[in-house]
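Visitor: Would you mind keeping the following structure in view while I ask a few things?
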Amino acid sequence: MPPGKPGRSARAGPYHGRMTSGRPTAPAHDSHEQPDGDRLDAAASLLGLLSDRTRLAIMRRLGEGEADVTTLTEDCGAPRPSVSQHLAKLRLSGLVVARKDGRRVVYALRHGHLRRLVDEALSAADHQIRSLPPHD
């Protein structure tokens, strides 16, 4: 939600940590249940979170399966403190979930929509970089 709207913070939205019963709130699958403005705000917030290269790399790797910070650091090529900070932001926003596995914390994407979104963004990037013809 844009700054300056009364009663809502600039970070309000389903992917900025509003939680209900430990789960993020998100638009219903039936697009008629949510006003377009709310859906567009939520989508813009989600895409904004994915606009950082390190967060996108983390999300891409988590799309392949669960991983701990060490694995994510190696796969993303970013410093461990940076990966940890980005993971905290992704967890707070509800895009990533964490669970304990012995002494380590293992991270995963909250749902398959996120994996598909990242895959599509990277496919679009491939088309742009390689000048591939458009298709549906």
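Visitor: Need the failing condition index for Ala42 against (1) at pLDDT 95 or above; (2) surrounded by 19 or more Cβ atoms within 10 Å (Cβ to Cβ), just the number.
Guide: For Ala42, the failing item is (1).
Visitor: Pairs under 7 Å by beta carbon, first residue under 15 Å from Ala67 (Cβ atoms) in the stretch 85-101, partner at pLDDT 95 or above and of a type in the set (Lys, Arg), six or more apart or different chains?
Guide: Here the result reads His86/Arg55; Leu90/Arg55; Leu95/Arg110; Val96/Arg110; Val97/Arg110; Ala98/Arg91, each pair linking the stretch 85-101 to a residue that is at pLDDT 95 or above and of a type in the set (Lys, Arg).
The values are calculated or read from the model by the stated rules, or taken from the named source; none is laboratory data. This one's a predicted model, so the numbers in the text were calculated from it and none came from an experiment. In this analysis, Cβ positions are derived from the backbone assuming ideal geometry, glycine residues included, and neighbour counts consider all displayed protein chains.
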